[in-house]
Amino acid sequence: MNHACGVALLVIGLVRSNVVHAHIGVHANGSFESGLLHPFSGIDHLIAMIAVGLWAARSGARNLIAMPAAFMAAMVLGAAVGIAGGTIPLAEAGVAASVVVLGMLLALAVRGSWHWAAPLAAIIGLFHGYAHGTEVPEFANPGSYIVGFLMATAALHAFGIAAAWTLRPQAAAFRAGGAVITFAGLWLVLSL
């Protein structure tokens, strides 16, 4: 149970910090470095990307690759829509709700079949990518920015996968962490 308390305290600390939503303003230069740092700048992206890795590892088999890959591919599509000035309705709500959904899937120990888990990860990635893309300044190099946030996303997915492997023998801690993620997501939804 010590692991569950540690996860709970970490998430609560992050939620209570000043950096809650990653998309509160435009990045100064839209560079590779800005893209690389963007997923770490807000709890919504940070938790969702780690949770995708956690859920992929818990679901196993094809999901270990399919879910993170679908998430990242859809992020690129969402970013392209945002960069081009297009809109994705309710994107901000979709980002916050994605944390709730991922937390619930983890808390309930749902092991998704890649037939529906990868498309769900893609929908979630679309919202997150759009949030990233809307913040790229017009003078920026969008390609570098996208490569940066994709590298950060891959690292966060890998962290989630590694954490899932570490917590594998402790199902109660894993589920408790999912519950904490769910509550953090509900807080994000209510703060919109």
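The values are calculated or read from the model by the stated rules, or taken from the named source; none is laboratory data. It should be emphasised that the depicted structure is a prediction, and the values quoted were computed from it without experimental measurement. Note that each Cβ is placed from the backbone with ideal geometry, even for glycine, and that neighbours are counted across all protein chains shown.
Which residue pairs have Cβ atoms closer than 6 Å, lie 6 or more positions apart in sequence or on different chains, and pair a first residue in the range 62-90 that is closer than 13 Å to T134 by Cα and in contact (Cβ under 8 Å) with a residue 60 or more places away in the chain with a second residue that is among the small types (G, A, S) and part of a helix (DSSP H, G or I)?
Pairs that qualify, where the first residue is closer than 13 Å to T134 by Cα and in contact (Cβ under 8 Å) with a residue 60 or more places away in the chain and the partner is among the small types (G, A, S) and part of a helix (DSSP H, G or I), are M75/G125; M75/G129; A79/G129; A79/G133.
Report yes if some residue within the range 89-112 is touching a helix residue (DSSP H, G or I) at 6+ places or on another chain (Cβ under 8 Å), at pLDDT below 95 and hydroxyl-bearing (S, T, Y); otherwise report no.
no
Looking at this structure, is L36 at pLDDT 95 or above and either assigned to a loop (DSSP other than H, G, I, E, B) or not hydroxyl-bearing (S, T, Y) (or both)?
Details: at pLDDT 95 or above: no; either assigned to a loop (DSSP other than H, G, I, E, B) or not hydroxyl-bearing (S, T, Y) (or both): yes.
Judged against the criteria, L36 is not a match.
If F127 passes every condition in (1) surrounded by fewer than 23 Cβ atoms within 10 Å (Cβ to Cβ); (2) among the hydrophobic types (A, V, I, L, M, F, W, C); (3) closer than 15 Å to M75 by Cβ but one, which one does it miss?
Among (1) surrounded by fewer than 23 Cβ atoms within 10 Å (Cβ to Cβ); (2) among the hydrophobic types (A, V, I, L, M, F, W, C); (3) closer than 15 Å to M75 by Cβ, the lone unmet condition for F127 is (1).
If W114 passes every condition in (1) farther than 21 Å from V189 by Cα; (2) touching a Leu at 6+ places or on another chain (Cβ under 6 Å) but one, which one does it miss?
Answer for W114: the failing condition is (2).
Output yes when any residue across the range 33-50 is at positive phi and touching a residue at least 60 places away in the same chain (Cβ under 8 Å), and no when none is.
The answer is no; no qualifying residue exists.
Please determine, by comparing only the residues of the range 91-104 that are touching a residue at least 40 places away in the same chain (Cβ under 8 Å) and not aliphatic (A, V, I, L, M), which one is surrounded by the fewest Cβ atoms within 10 Å (Cβ to Cβ).
Applying the filter and picking the extreme gives E92.
Restricting to the range 137-171, and then to whatever is among the hydrophobic types (A, V, I, L, M, F, W, C) and modelled with pLDDT under 90, can you tell me which residue is nearest to S41 (Cα to Cα)? Don't jump to the end; show me each part of the working.
The initial filter retains those residues of the range 137-171 that are among the hydrophobic types (A, V, I, L, M, F, W, C), namely 139-140, 146-147, 149-152, 154-156, 158-159, 161-165, 167, 171.
Now narrow it down to the ones that are modelled with pLDDT under 90: 139-140, 167, 171.
Values: F139: 21, A140: 19, L167: 26, A171: 29 Å.
Per the stated criteria, the residue is A140.
When you go through A107, A154, A162 one by one, which is the residue that is buried (at least 18 other Cβ atoms within 10 Å of the Cβ), within 16 Å of A51 (Cβ to Cβ) and of a type in the set (G, A, S)?
Sole residue among the options that is buried (at least 18 other Cβ atoms within 10 Å of the Cβ), within 16 Å of A51 (Cβ to Cβ) and of a type in the set (G, A, S): A107.
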